[in-house]
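Notes for the one structure printed next.
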Amino acid sequence: MERTIGFKERRYIEELRILTKSTAIDCIIDERFDRIIYVIRPGDMGLAIGKKGENIRRMQKVLGKKIEMVEYAETPEDFVANMFRPAPLSAVKRDEAGRVAVVLQKRSDLGLAIGKGGANVEKARLLFRRFFGTELGEILSGGETA
């Protein structure tokens, strides 16, 4: 999947590198939720977050926007699991149309996975479309099936 990164995104990625010494693979500016979503290189997540989240707080101060980070993974299943963390997933399934359905372990984690105003779901949809070129399907709780 071909991704293009604009000037603003490059600037934000460089800002992250300077402030946290970690590497971002990609950056999405989400105007709808007034946030910047970084896709962090595998293994760099702890460095990017910093001790007790200090790097994220410092980045938010410098950039004036909410910062969210997702650790990249090669497989769609692992990447989706990283997007919905800390909500534990029990399965990631593909339907006939190629869309991916996410199955949560507990029904009580549904709110955590969706996020305030659907922010987490929108983040997952944006990233999944950008990296894998397909749509994210339904989010189901443990008792439901796709």
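The values are calculated or read from the model by the stated rules, or taken from the named source; none is laboratory data. Fair warning: this is a prediction, and the values are worked out from it, not measured in the lab. Here the Cβ positions follow ideal geometry from the backbone for every residue, glycine too, while neighbour counts run over all protein chains shown.
Structure summary
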| read-out | value |
| --- | --- |
| Residue among GLU31, GLU71 that is without any contact (Cβ under 8 Å) to a residue 60 or more places away in the chain, out of contact with any Leu (no Cβ under 7 Å at 6 or more places or on another chain) and surrounded by fewer than 18 Cβ atoms within 10 Å (Cβ to Cβ) | GLU31 |
| Qualifying residue in the stretch 77-100 (condition: farther than 23 Å from ILE139 by Cα and touching a residue at least 24 places away in the same chain (Cβ under 8 Å)) | no |
| Conditions (1) over 19 Å from ILE114 (Cβ atoms); (2) at pLDDT below 90; (3) surrounded by 14 or more Cβ atoms within 10 Å (Cβ to Cβ); number of the one not met by PHE84 | (1) |
| Qualifying residue in the stretch 117-135 (condition: in a helix (DSSP H, G or I), in the same structural domain as ARG17 (by TED's automatic domain parsing), in contact (Cβ under 8 Å) with a residue 12 or more places away in the chain and under 15 Å from the mean Cα position of the chain (by Cα)) | no |
| Selected residue [surrounded by fewer than 14 Cβ atoms within 10 Å (Cβ to Cβ), β-branched (Val, Ile, Thr) and within 18 Å of the chain's Cα centre (by Cα)] from THR4, THR23 | THR4 |
| The one condition in (1) at pLDDT below 85; (2) touching a Pro at 6+ places or on another chain (Cβ under 8 Å); (3) hydrophobic (A, V, I, L, M, F, W, C) that LEU112 fails to fulfil | (1) |
